[in-house]
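Here the structure is laid out as structure tokens; the discussion comes afterwards.
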Amino acid sequence: MKNIGKILLSAILLFSVFSCSSTTFKLSSIKNNKKKIAEASNYIVFCDISDIGLRTELEKSIVQEFAKKGKTAKESINLFPPLKEYDPNEIKSECLRNNIYTKLQITPINSSSETGYMLMYGVLIPLTEKSNSFDIIIQDFKDDEMIMRSSLNTEGDLKNIVSKTAVSIVDEILNEECKEYIPILDEELKPELTVNLLAENKWTIMGEKKICDLTINNGNLEFRLPITFGSIEDTKGIVEKITNGSVPYYRIRTYNFDDLQYISMLLKQYYEDEK
């Protein structure tokens, strides 16, 4: 009996660890260069999933993530309940009537599972890994043009990773939006400073010498500033001191376009003070 208990307990623990560790996300996107994702507004979220409960949960999670980033979005299941088939023109007309201008559509394109076995206490324990692929389209209702298209691949049972899936989707949209801010920031900083590309989603801000590093991550612009930046007065309170590493530094993290002018002012002031 003790051995059976050990086997059951080990199987439960192993399943929990396996489920957590195997949850991965891979997102790749292509954007229409004629369109600005920063100009997309008032989203409606369509999850083309037959499971009504799962669709409701995923749409709600995405809407909540948008709200955290200051974006307005609505769940399609409330406006278009799955009680009939809807014509695309009917959807567009109803959305525009409700001041909804952007459609975010998530469509599953593949789902599979793979089972392996692990030997424990002389017993083969099955371990199943599930994977899902999604096609994600952002479309402008005003001109029917596609703004961005992404593919998302996940490993893990979708029912258990709804929240993380929502975060991945919204962060990818915000990452692309932040990329559109870089040329604007560069113009704000000129002529004293320039923004120079180092690698994908990584830049350095330079004057006669390096001022700071800039990255885009998790839907944010993140400025990593030297500890001497603490001498600059921050009236908006957006500069954070980070001390949990071996070398303390200051950080500015934002997804808000309206912060760019203020951040540029702080950086130029710091540059002048350091001359």
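Below, the figures for the structure above:
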| quantity | calculated |
| --- | --- |
| Residue pairs meeting the criteria (Cβ under 8 Å; at least 6 apart or on separate chains; first closer than 14 Å to D234 by Cα and without any contact (Cβ under 8 Å) to a residue 24 or more places away in the chain, in segment 256-275; second open to solvent by 20 Å² or more (accessible area, probe 1.4 Å) and aliphatic (A, V, I, L, M)) | D259/I238 |
| Conditions (1) in a strand (DSSP E or B); (2) loosely packed, with under 13 Cβ neighbours inside 10 Å: number failed by Y250 | (2) |
| Pick from segment 152-171, criterion in a strand (DSSP E or B) and open to solvent by less than 10 Å² (accessible area, probe 1.4 Å), ranking: farthest from S41 (Cα to Cα) | T154 |
| Qualifying residues in segment 253-275 (those that are among the charged types (D, E, K, R) and in a helix (DSSP H, G or I)) - the one most open to solvent (accessible area, probe 1.4 Å) | D258 |
| Yes/no for I216 being more than 20 Å from P248 (Cβ to Cβ) and modelled with pLDDT of 95 or more | yes |
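For every residue, the table says whether it meets (1) among the aromatic types (F, W, Y); (2) outside any loop (DSSP other than H, G, I, E, B); (3) open to solvent by 70 Å² or more (accessible area, probe 1.4 Å); (4) without any contact (Cβ under 8 Å) to a residue 40 or more places away in the chain.
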{"site": "K130", "(1), (2), (3), (4)": "no, yes, yes, yes"}
{"site": "F134", "(1), (2), (3), (4)": "yes, yes, no, yes"}
{"site": "S150", "(1), (2), (3), (4)": "no, yes, no, no"}
{"site": "I173", "(1), (2), (3), (4)": "no, yes, no, no"}
{"site": "C178", "(1), (2), (3), (4)": "no, yes, no, no"}
{"site": "L185", "(1), (2), (3), (4)": "no, yes, no, no"}
{"site": "T204", "(1), (2), (3), (4)": "no, yes, no, yes"}
{"site": "G230", "(1), (2), (3), (4)": "no, yes, no, yes"}
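The values are calculated or read from the model by the stated rules, or taken from the named source; none is laboratory data. Computed from a predicted structure; not experimentally measured. Using ideal geometry, Cβ is built from the backbone for each residue, glycine included, and neighbour counts are taken over all protein chains shown. Calculation scope for accessible area: heavy atoms of the full protein, side chains included, ligands and nucleic acids excluded. Shrake-Rupley method; radii C 1.70, N 1.55, O 1.52, S 1.80 Å.
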